[in-house]
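Student: Once you've had a glance at the structure underneath, I'll fire off some questions.
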Amino acid sequence: MSQVATLDARGLSCPLPALRAQDALKQMASGIVEVLVDSGTSRDNVTRIAERAGWTVTVEEQSEGIIKLVLKK
């Protein structure tokens, strides 16, 4: 069974969402990390960090400007 972690980074200014996502990825060798952000910059930075670490990224646009990033490995 895959481990799932959720990180709510809404309202945080860059680079905090990316740094917190990076910490979450380091704590998990594999599994799923769901990251909630509310800016395109945070989406891009979290995506870049995850892909460089070998994780696949799925972006789901939610209502009210919320973006859910699903990181899998």
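Student: One residue is enough: does the range 27-38 have a residue meeting the conditions in a strand (DSSP E or B), open to solvent by 50 Å² or more (accessible area, probe 1.4 Å) and over 11 Å from Leu69 (Cβ atoms)?
Tutor: no
Student: Ser2 versus (1) among the small types (Gly, Ala, Ser); (2) in a strand (DSSP E or B); (3) open to solvent by 70 Å² or more (accessible area, probe 1.4 Å): which is the lone unmet condition?
Tutor: Status for Ser2: all satisfied but (2).
Student: Which one is farthest from Lys73 (Cα to Cα), of the residues in the range 45-58 that are loosely packed, with under 14 Cβ neighbours inside 10 Å and not small (Gly, Ala, Ser)?
Tutor: Going through the range 45-58, the residues loosely packed, with under 14 Cβ neighbours inside 10 Å turn out to be 48, 51-54, 56, 58.
Then drop every residue that is not not small (Gly, Ala, Ser), which leaves 48, 51-52, 56, 58.
On the way: Arg48: 15, Glu51: 10, Arg52: 12, Thr56: 6, Thr58: 12 Å.
Going through the qualifying residues, I end up with Arg48.
Student: Quick check on Leu16: is it of a type outside the set (D, E, K, R) and either buried (at least 17 other Cβ atoms within 10 Å of the Cβ) or touching a residue at least 60 places away in the same chain (Cβ under 8 Å) (or both)? Give the derivation first.
Tutor: Working: of a type outside the set (D, E, K, R): yes; either buried (at least 17 other Cβ atoms within 10 Å of the Cβ) or touching a residue at least 60 places away in the same chain (Cβ under 8 Å) (or both): no.
Taking the combined requirement at face value, the residue does not satisfy it.
The values are calculated or read from the model by the stated rules, or taken from the named source; none is laboratory data. Just so you know, these numbers come straight off a predicted model, no measurement behind them. Virtual Cβ from ideal backbone geometry, glycine too; neighbours counted across all protein chains shown. The area values use the complete protein model at the heavy-atom level, side chains included, leaving out ligands, DNA and RNA. Shrake-Rupley method; radii C 1.70, N 1.55, O 1.52, S 1.80 Å.
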